[in-house]
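The values are calculated or read from the model by the stated rules, or taken from the named source; none is laboratory data. Being a predicted model, the structure only gives us computed values, none of them experimental. Methodologically, a virtual Cβ is constructed for each residue, glycine included, from the backbone with ideal geometry; neighbour enumeration extends over all protein chains shown. For accessibility, only protein heavy atoms count, side chains too; no ligands or nucleic acids. Shrake-Rupley method; radii C 1.70, N 1.55, O 1.52, S 1.80 Å.
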4 protein chains.
Amino acid sequence: MDLQALLDDIAARSAPMAAGGRVADYIPRLAQVDPGRFGMALATVDDALVGTGDDRTPFSIQSISKVFALILVLARDGGRLWSRVGREPSGDPFNSLVQLEHEQGIPRNPFINAGALVVTDRLLSLTGDAFGAVRTFLREESAQEVDMDPEVAGSEAAHGHRNAALAHFMASFGNLENPVDQVLDHYFRQCALAMDCRGLARAGLLLARHGMRGDGSRLLSPSEAKRVNAVMLTCGTYDTAGEFAYRVGLPGKSGVGGGILAVIPGRGALCVWGPALEPSGNSLAGVEALDRLTTATGWSVF
Amino acid sequence: MDLQALLDDIAARSAPMAAGGRVADYIPRLAQVDPGRFGMALATVDDALVGTGDDRTPFSIQSISKVFALILVLARDGGRLWSRVGREPSGDPFNSLVQLEHEQGIPRNPFINAGALVVTDRLLSLTGDAFGAVRTFLREESAQEVDMDPEVAGSEAAHGHRNAALAHFMASFGNLENPVDQVLDHYFRQCALAMDCRGLARAGLLLARHGMRGDGSRLLSPSEAKRVNAVMLTCGTYDTAGEFAYRVGLPGKSGVGGGILAVIPGRGALCVWGPALEPSGNSLAGVEALDRLTTATGWSVF
Amino acid sequence: MDLQALLDDIAARSAPMAAGGRVADYIPRLAQVDPGRFGMALATVDDALVGTGDDRTPFSIQSISKVFALILVLARDGGRLWSRVGREPSGDPFNSLVQLEHEQGIPRNPFINAGALVVTDRLLSLTGDAFGAVRTFLREESAQEVDMDPEVAGSEAAHGHRNAALAHFMASFGNLENPVDQVLDHYFRQCALAMDCRGLARAGLLLARHGMRGDGSRLLSPSEAKRVNAVMLTCGTYDTAGEFAYRVGLPGKSGVGGGILAVIPGRGALCVWGPALEPSGNSLAGVEALDRLTTATGWSVF
Amino acid sequence: MDLQALLDDIAARSAPMAAGGRVADYIPRLAQVDPGRFGMALATVDDALVGTGDDRTPFSIQSISKVFALILVLARDGGRLWSRVGREPSGDPFNSLVQLEHEQGIPRNPFINAGALVVTDRLLSLTGDAFGAVRTFLREESAQEVDMDPEVAGSEAAHGHRNAALAHFMASFGNLENPVDQVLDHYFRQCALAMDCRGLARAGLLLARHGMRGDGSRLLSPSEAKRVNAVMLTCGTYDTAGEFAYRVGLPGKSGVGGGILAVIPGRGALCVWGPALEPSGNSLAGVEALDRLTTATGWSVF
């Protein structure tokens, strides 16, 4: 299979889907991104890297950072996290407060905002610098410079009333260990990291290699790595996880910056980027490209 | 009717109900109050004042303050408030976030915490000092010293994560005019005002006199005053408004300090105080006493 | 006060409100009613009866029948009903299933459809003929012929999937005593009774007279009658009970046939009819007329 | 790998988990089953069949039948079904009505009861005999006699008020094509089919072979078969799909009879049976056995 030709073809067919979506506009900096951009990169476990389009343009990774924060907490803390956050799909919009109320401040999973705040809170307790830990890890795995976009981080902080509400609400149930403002600060900065498709695909290889880092050291056990994949598949794309599993059939995590990271267990990791989103917050062109790729290759886990 | 004898008798029969309830314990200062205290006072529109038991002991008025903040906003701003807060019973626990999510940041009514925060926010915009406006009004109407208990206010601020969550959540929908921390500060202090039954009963006369202040000046039109009574009857006792209307049949507003203010339109205002609460947050002995009073006198509005 | 002139004036000013509403269309027979019809009648405790407009035109009483079924159960069975149905406003659309799920098959109050089915079920157990008991009572109190419109009853049965769902759902929690189809049959027929404003106003006098029937016999104790009024005020107009209390300030019960029965405790009972409804299911012209009446007369309970 | 030894070992270690669970008791016939029974069978795409324990004892397949009804509808009708039922995890107990209310009668997915009723309704329209179509298919694929347990079917019908409520509720939104009682009749009978682990494992091979029947004919396209697997993984185990994916990592569908069918794409199909359930309705020993198997073999899809 000529992967380069395949990716080029998929990019050409998928990029036009952007016309039906909208760039996230609640963060001014994100709203300025050209919705027509499209990039895609595939990193394989045997160290090949194929990319197409805007695969070298950094974008705001946003919620994709949640995967790496989760990995770092599990690596340091084992399964203790699961007493503070669940592993079930939310069945609700990604920043819903309803479920938190019904379940006593325990978020449904680590990928909705409330759950990600708990993960960042725990990482802050474990490392003293949650943001720094995520950034360092991403730099090492991607072999790229990875930096925060201060303008994005500032916008998040200014407009982050919903996340502040979530954090205070969990604090009211005793489910935060650190002060609300510190947790929010690390969370906003972690979401404001900028990377390109190539770097994110390389960083995602950890999950394709069942827990092995790029340098050959083990960070997660194979079981733990597989379980992160399972959480990505059932909870990684807001309230459309079922739809994503149905169409794409891979563990994936999307961000409102328009990126989606997908894992092909044992084989590789993919990152697509297209800033125009469908209403649930996933990249329209990105989901289309992943659908086309797994249909063409049969790489769905099913 | 010998009102003094009636109140003494009702107090003797109602105070023992306290044994079945619990003092609010989320604020340390409130948790120290003796659950066996009981006071009751009736102020009439013809200036009589009858009291029994601990009717001269100040207690934390808590949510009863919401009635007066509402009156002050309506007096200055007419019906404009109702675009930002509804008038329907909540059908949910008093600090629920669920409804706010479903209804785009518009609280159901001005007596649930979210709605009261909107009222305080508006009063702050209108006066520059929401807390001061409430305190001044209560001093004038009650002819008492009325002061904040700083220890209570401090506890509220320290443990107020739920209220902070509500405020941030409404801010995320654009339904706050002032910064979250300022609104919370005025709200916590307003709730921490301390008064006794006699003072609150006197202050409540405004609603019994259909909008006339103690000095004979008009603050609300008769229609507006009646409408505040209607909101108290349908929304004044957390999620037991139906039960309260059924048993007592008067507009009433309770607070977790154990006080309940009730209005007998055209006739007088009552305040009862008993710190032991039922699970919804209303004074057990207080509701019992009001039930007995309206049964004995027929003063239910129905 | 010239009541006739007042009612004529209110009718003239209120009837045009119908233009902003829609006739209930889920029952074909109701959909055929002219939305411009308007009638109003006031019966007083001293046996006066004043009417205006289409006050002698029978219409489908629909949910207003729930008040009378409740009265008949309370008269026979005292407070036992309250273990099977609550007394709190629902805070939800009138036929919602959500609350039933959360509260184990106990409807919030006797005026939402689920609660009314429980009342009819109990009346069926107590009398063997719930429909007949309601009809007989209404005939006696109204001094009118009262009959069911078979076409309306048939439509309800044919389109009554939501009510069937409610009944089966409560049955699944063990909260029905009779077979689902029997309960539904009596319920649909009771709702399909047709009466005019004059007859309903007369029948409503029982609640204005604190439980005394038209023939001078006592059906409910004064406390029970007042409590029915309280339930009407807090729960009688679907999810707009707060709004109705705010505007009108009287216990009231509306039906999707366009009628509203309101009680002026100690003074009289009112019935208005205007088939065009607002989205919650209350007569637009009817609420307007009641608002105007209580504003003009001061007869609000507050 | 000695599969027989592995299965025997897993059975010995997993069967004792039953002590912590309870047999489904809402159907008298199911309540009589010995909770200590345990069977397991693995059918592979190369026609091997290994079993252990009570792998030849028929049990009530209950909700596992939903997978086959779905397959039969997709085979006849393609993707048209998805306009009437979603593909998202429910995030709620399996027979919840709440979501249906919020989403206008469109069930979240085909494996919650409401969705399965829609599937059976459609299969009834397509075939004239939904029950018969499922039974015939299962007979052919399992190469077993497959029959309904009339006592189970009768119990379902007698106690099926919740399913009747669901069906009427969907009918009220126009989301049923056939009369409610007919749909329920076919659904209750389909759930009352009895099979053993060996038969179900063989029938499940269709999904492991990406849509090929046992006789070599194609029923579903590879994409469609993979998509059924995706729906099983995200929605197949009531409100614990995330947990099941995390622990087991295979598409699976459980039934309250204590069976679980799991698919190892490209490799085989498994059926475990242990009647004692955890609170969500999945076999305790069954989930344990599947967890042990995928841990030991690495056959998780992740």
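Within segment C:138-250, considering only helices (runs of 4 or more DSSP H) that don't extend past its boundaries, which have at least 2 residues that are surrounded by fewer than 24 Cβ atoms within 10 Å (Cβ to Cβ) and within 14 Å of chain D (Cβ to nearest Cβ)? Passing ranges, in order: C:150-159, C:161-172, C:180-191.
Put simply, of C:81, C:30, C:100 the only residue that is within 14 Å of chain B (Cβ to nearest Cβ) and modelled with pLDDT under 95 is C:100. In summary, helices (runs of 4 or more DSSP H) completely within segment D:31-137 and bearing 3 or more residues that are of a type in the set (Val, Ile, Thr) and open to solvent by less than 10 Å² (accessible area, probe 1.4 Å) occur at D:65-77, D:113-127. Considering segment B:289-302, the residues that are among the β-branched types (Val, Ile, Thr) and under 10 Å from residue B:248 (Cβ atoms) include one that is farthest from the other protein chains (Cβ to nearest Cβ), namely B:294. Filtered by the rule that a residue be open to solvent by less than 10 Å² (accessible area, probe 1.4 Å) and of a type in the set (Gly, Ala, Ser), segment C:283-302 gives C:283, C:285, C:286, C:289.
Residues in segment B:238-245 include at least one that is within 12 Å of the chain's Cα centre (by Cα) and either over 16 Å from residue B:295 (Cα atoms) or at pLDDT 95 or above (or both).
Matching residues to (1) free of Cβ contacts under 8 Å to residues at least 60 places away in the same chain; (2) out of contact with any Phe, Trp or Tyr (no Cβ under 9 Å at 6 or more places or on another chain):
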site	(1), (2)
B:4	yes, yes
B:11	no, no
B:19	no, yes
B:22	no, yes
B:47	yes, yes
B:54	no, no
B:70	no, no
B:81	yes, yes
B:87	no, no
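Here segment C:251-274 is the region considered, the condition is being more than 13 Å from the chain's Cα centre (by Cα) and open to solvent by less than 10 Å² (accessible area, probe 1.4 Å), and the residue that is nearest to the other protein chains (Cβ to nearest Cβ) is C:264. Residue D:280 satisfies every condition listed in (1) open to solvent by 10 Å² or more (accessible area, probe 1.4 Å); (2) under 21 Å from residue D:61 (Cβ atoms); (3) within 9 Å of chain A (Cβ to nearest Cβ); (4) of a type in the set (S, T, N, Q) except (3). The requirement of being assigned to a loop (DSSP other than H, G, I, E, B) and either under 25 Å from residue C:116 (Cβ atoms) or within 10 Å of another protein chain (Cβ to nearest Cβ) (or both) is not satisfied by residue C:286. Evaluation of residue A:120 against the conditions (1) over 27 Å from residue A:24 (Cβ atoms); (2) away from chain B (no Cβ under 14 Å) shows that the sole unmet condition is (1).
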